[in-house]
Amino acid sequence: MSSAVRINDLCVHFGRQQVLHNVCMEAPRQGITVLAGRSGSGKTTLLRALNRLNETFFHCRTSGVVELDLGRGLETISPAPGVNVRPLAQLRRLVGMVFQTPNVLPVSVERNLALPLEVVAGLPEKERGLKTREALMSVGLWEEVKDRLDMPAERLSGGQQQRLCLARALALEPAMLLLDEPTASLDVHATAEIEDLLLRLASQYPLLVVSHNPEQAVRLGERLIIMADGRVRQVFERGQVDGEAVARALADAG
Ligand SMILES: Nc1ncnc2c1ncn2[C@@H]1O[C@H](COP(=O)(O)OP(=O)(O)OP(=O)(O)O)[C@@H](O)[C@H]1O
Ligand SMILES: [Mg+2]
């Protein structure tokens, strides 16, 4: 199966601390790749290496090669002398990211989508309206918010805010999606809703999802990557393990 992500020998330092150690991994084009591992094992840093977000921290140094399929086969996104990489703004638009804590903008539900469509994608007003509706429908939020699009987005529930952030990433027509613990702060019902949504989206986009929950990792993962101390410790393919085995592997990974 062809890969959406291929990482070779990735090292990330924050100041003197090395946070990722020679990480090598691939994520398939089809289905969800789940990243699991203890707090501090480097999962978020690994996700941020895929849209070069680590570079926003001035004391961060990155080496190694990250290749992504953003629509024309694997291409390197790692800047190096003599290598032409995509402009950063384009890369970040194509690699959609949803953070663990929903980061809705302090504006209305509608503006949360219209603003990036205007500023990032440069769409005219009429198209923004259509895209906004489409994006809200794709995350199952349209019926819940269509009569209160003017309401501040902060008044939505946690699960609704998480879906709004996902809608915002989708509206920009990404080539892949990164989700950092998308259900960490949600109840069982909202978690099930988001999981269904992720499984549906996985038929359209490669998804990389961080999860702390072994059962969820098994439910979602086509491939499951267990990290420990900034290293890839184990890789499982769908069907190889159940929740208990993953919990044991996570405990062993320490
Ligand atoms: N911007 C930063 N500056 C300095 N150190 C950082 C920065 N971001 C992460 N780190 C350090 O890198 C290590 C890995 O952090 P990271 O956030 O990637 O872990 P994680 O696996 O996502 O953890 P969690 O499950 O708690 O979210 C930690 O020791 C953390 O303190
Ligand atoms: Mg994290």
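Every number in this text was worked out from the coordinates using simple rules, so none of it is lab data. All figures in this text were calculated on a predicted structure; none of them were measured in a lab. Note that each Cβ is placed from the backbone with ideal geometry, even for glycine, and that neighbours are counted across all protein chains shown.
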Exercise for review: Provide the per-residue ³J(HN,Hα) series for segment 125-133, in order, calculated from phi with Karplus coefficients 6.51, -1.76, 1.60 and θ = phi - 60°, each as a whole number of Hz, with x at glycine and proline positions.
Suggested key: 3, 4, 5, 4, x, 5, 5, 4, 4
Revision key, fill the gap. The Cα extents of the chain along the principal axes, largest first and rounded to whole Å, are 49, 48, 36
Practice item. Order the peptides 78-84, 37-43, 232-238 from the highest to the lowest mean number of other Cβ atoms within 10 Å of their residues. Key: 37-43, 232-238, 78-84
Review point. Mean residue ellipticity at 222 nm from the helices of the chain, using -39,500 (n - 2.57) per DSSP H segment of n ≥ 4 over the full residue count, to the nearest 500 deg cm²/dmol?
Key: -10000 deg cm²/dmol
Review point. Say R0 is 25 Å: what FRET efficiency, to the nearest 0.05, do E134 and D196 get from their beta-carbon distance?
Key: 0.85
Check your understanding: Can you list the HN-Hα couplings for segment 228-234, worked out from phi with the Karplus curve (6.51, -1.76, 1.60; θ = phi - 60°), rounded to whole Hz and with x for Gly and Pro?
Key -> 8, 6, x, 10, 7, 9, 8
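Going by average Cβ density within 10 Å per residue, which order do the peptides 107-116, 242-251 take, highest to lowest? Walk me through the intermediate numbers first.
Numbers: 107-116: 20.5, 242-251: 15.5.
So the order, starting with the most tightly packed, is 107-116, 242-251.
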Practice item. Calculate, in nm to one decimal, what R61 and V85 gain on full extension: separation in residues at 0.36 nm each, minus their alpha carbon distance. Key: 6.9 nm
Exercise for review: Find the centroid of the Cα atoms in segment 89-104 and in segment 1-57, then give the distance between the two in whole Å.
Suggested key: 15 Å
Review point. Using a Gaussian network for the chain with springs between C-alpha atoms less than 10 Å apart, which of these wobbles most: L198, L149, L20?
Key: L149
Point to revise | Selected from L166, G82, L178, residue furthest toward positive end of dipole (the chain; charges at beta carbon) | key: G82
Check your understanding: Of the listed peptides 162-171, 66-75, what is their order by residue-averaged count of other C-beta atoms within 10 Å, with the highest listed first?
Key -> 162-171, 66-75
**Study point:** Residues with amide H under 5 Å from that of N51, placed H, sequence gap 5 or more
**Key:** none
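Listing H59, H212 from the residue with the fewest other Cβ atoms within 10 Å to the one with the most, what is the order? Provide the component values of the computation, followed by the final result.
Details: H59 9, H212 15.
Listed from fewest to most nearby Cβ atoms, that is H59, H212.
Given charges of +1 on the Cβ of Lys and Arg and -1 on the Cβ of Asp and Glu, with all other atoms neutral, how large is the dipole of the chain about its Cα centre, in debye to the nearest 20?
Details: 29 positive and 30 negative charges, 139 e Å.
It comes to approximately 660 debye.
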Revision key, fill the gap. Non-local residues with an amide H under 5 Å from the amide H of G37, with H modelled 1.01 Å from N and Pro and chain starts lacking one, are M227
